[in-house]
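The structure appears below as structure tokens.
Computed from the coordinates by the stated procedures, all read-outs in this text should not be read as laboratory data. What you are looking at is a predicted structure, and each value in this text was computed from that prediction instead of being measured. Here the Cβ positions follow ideal geometry from the backbone for every residue, glycine too, while neighbour counts run over all protein chains shown.
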Ligand SMILES: C[S@@+](CC[C@H](N)C(=O)[O-])C[C@H]1O[C@@H](n2cnc3c(N)ncnc32)[C@H](O)[C@@H]1O
Ligand code: SF4
């Protein structure tokens with residue numbers, strides 16, 4: 001990949017080259033806010049999340065102020081644009097108090113314009129929720145909750161080191177559905193020693209809540225996790241495939257559409273925020289380790305913030321926490337775009353690819369023709385999408401668009 005990494009300096013002008021991207025229109029803009037703490041680190045998790053340790057009375061306040069300052073620093077890159085969504089993710093944002101979330105969301109609304117029906121999602125762990133807290137989050141402006149249920153089975157939850165049991169997961173969901181119009185639940189499958197009967201029970205319990213959005217993830221053993229060092233006994237590939245087939249059939253029979261590799265939704269309940277990522281939209285990333293992608297008429301820039309929470313807060317206290325900034329070149333874009341867009345079941349229009357990247361369909365060659373010849377992708381009436389075969393071999397299709 002032809003990429004250029006430079007040290008961030010807000011006033012350093014980027015010199016335009018023939019490799020630069022020129023855009024005629026700017027895509028929708030989202031905001032991602034990272035909260036890097038959890039009550040306890042789960043043994044399978046490689047997210048930027050740290051076990052919470054007492055760190056002085058004002059830690060929440062200090063972090064929220066750092067986030068707002070971080071947002072202010074980014075504003076010159078997005079003048080005049082409106083946010084379509086905010087996603088407060090982690091980590092476990094629900095360890096913060098409703099007052100902190102209120103300060104954060106009020107601070108965001110005061111600093112940047114937003115659309116009237118802006119989607120505001122917060123990730124939550126059932127072990128950190130009660131009725132009063134959920135009401136507080138809703139009153140602060142959160143209008144979509146994403147709950148990390150993972151399973152309803154007490155034994156499986158204990159095996160994957162979760163801080164909650166099945167009853168707490170059911171209670172959190174029941175309250176969330178009373179208070180919020182939009183709720184997502186995350187479920188994982190192919191868990192240690194999980195049987196088909198246990199998976200079926202999880203799916204049926206999830207469906208008993210009549211979910212409008214559900215994300216299903218195959219447990220993966222990520223490097224640098226406890227499970228990678230001490231692998232548990234997992235279902236074999238054949239059983240995992242049968243589990244996946246059961247999940248897809250059951251959710252589709254319940255009227256949900258499998259609109260992205262891991263996401264199912266009732267029509268109209270698709271995630272605005274994630275769909276913007278998958279369609280190569282723009283997003284500001286604030287908080288420890290947060291990534292952003294911002295288009296300007298003269299190019300597309302990615303930025304990353306310092307990863308460790310303490311480093312991030314210390315850097316912000318000195319004015320800015322951008323660790324790296326990268327200008328994408330034309331050669332980067334086919335892969336950058338396809339990495340996300342291929343995940344969408346309905347694919348993307350060729351015209352959207354052109355608007356979001358400044359490229360033409362010819363710039364996708366020879367990868368597109370190879371994918372079509374191998375039956376992995378189709379171009380139907382100006383819409384590019386993966387076939388059923390391509391869906392099963394997603395990483396192979398994505399790799400075709402990687403240029404040396
Ligand atoms: C960033 S986590 C945030 C959710 C929240 N912290 C929680 O765990 O309750 C988002 C989701 O990714 C999924 N996930 C995390 N690690 C995974 C892994 N190693 N394999 C598969 N799914 C994983 C889980 O379903 C989790 O709910
Ligand atoms: S609660 Fe979520 S983010 Fe935190 S360690 Fe567990 S899976 Fe990772």
**Complete:** For the chain, shape from the Cα gyration tensor axes a ≥ b ≥ c, cut at a/c of 1.5 then a/b versus b/c, turns out oblate
**Message:** For the chain, set up a GNM with springs between Cα atoms under 10 Å and report which of 314, 172, 288 has the largest fluctuation.
**Reply:** 314
**Asked** How big is segment 101-200 on each of its three principal axes, counting only the C-alpha atoms and giving the largest first in Å?
**Response** 49, 24, 22
**Prompt:** Cα gyration tensor of segment 223-315, axes a ≥ b ≥ c as square roots of the eigenvalues: rounded (a/c below 1.5), prolate (a/b > b/c) or oblate?
**Reply:** oblate
**Inter-site label distance for residue 174 and residue 310 at 7 Å from Cα along Cβ, in nm** = 4.3 nm
**Request:** If a/c stays under 1.5 just call it rounded; otherwise compare a/b with b/c (prolate if a/b is bigger, oblate if not). Do that for segment 147-274, with a ≥ b ≥ c from the square roots of the Cα gyration tensor eigenvalues.
**Result:** prolate
**Fluctuation leader among 211, 27, 366 - the chain, Gaussian network, Cα springs under 10 angstrom** = 366
